[in-house]
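The values are calculated or read from the model by the stated rules, or taken from the named source; none is laboratory data. Keep in mind that this is a model prediction, so the values were computed, not measured. Using ideal geometry, Cβ is built from the backbone for each residue, glycine included, and neighbour counts are taken over all protein chains shown. These accessible areas exclude ligands, DNA and RNA; they are computed on the full protein's heavy atoms, side chains included. Shrake-Rupley method; radii C 1.70, N 1.55, O 1.52, S 1.80 Å.
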Amino acid sequence: MHLPRDPRAVGVARRTLRAVLGGYGLRELADTAELLASELVTNAQRHTGGASLMRLSGVEGERVRVGVWDTDPVVPPPFDRPQRRGGEWRGGGQRGGSAPFDPGGEGGRGLLLVRTWADRWGGYALGEAPFGAGGKLLWFELAAQQEKEGRDGGPPAG
């Protein structure tokens, strides 16, 4: 979904995300997905001079991934490096993350929310392209409760 540099873009992204998740029977993810997507879209609107894109895709099982692309190729910490969890390096972090947070700072709370509430998250730079195809992509994944219970060894819901 193309999001122009417009203050209404965040609301449009939230409403669209809620409608799509509802259409696929994943309403339980809508509140969290809306909050986290709005943080990423807000950052894209606030910190870049151009438009942004939001993409929602299904991932194995009852999982969704939301990615937000913008024109700035700089990936903010801790999204700029793999996270170590359980002795294994991953391309993105998992719930919680490990970057320090400055409570007196003017920003950074949105990415803290993403790190806290997403099941997985990450980002990568796409470089600087001569025709505007560069920039970066920040993403997060959420799993439906049934997916989490199955993965954690608990009985599937139902």
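Only one of these conditions is not met by F79: (1) assigned to a strand (DSSP E or B); (2) within 13 Å of the chain's Cα centre (by Cα); (3) at pLDDT below 85. Which number is it?
With (1) assigned to a strand (DSSP E or B); (2) within 13 Å of the chain's Cα centre (by Cα); (3) at pLDDT below 85 applied to F79, the lone miss is (1).
What number of residues within region 43-72 are assigned to a loop (DSSP other than H, G, I, E, B) and open to solvent by 40 Å² or more (accessible area, probe 1.4 Å)?
Final tally of qualifying residues: 6.
Restricting to region 117-131, what's the tally of residues that are modelled with pLDDT of 90 or more and not in a strand (DSSP E or B)?
3
Tally up the residues in region 13-41 that are open to solvent by 40 Å² or more (accessible area, probe 1.4 Å), within 16 Å of the chain's Cα centre (by Cα), over 16 Å from A144 (Cβ atoms) and of a type outside the set (D, E, K, R), please.
Summing the residues that are open to solvent by 40 Å² or more (accessible area, probe 1.4 Å), within 16 Å of the chain's Cα centre (by Cα), over 16 Å from A144 (Cβ atoms) and of a type outside the set (D, E, K, R) in region 13-41 gives 2.
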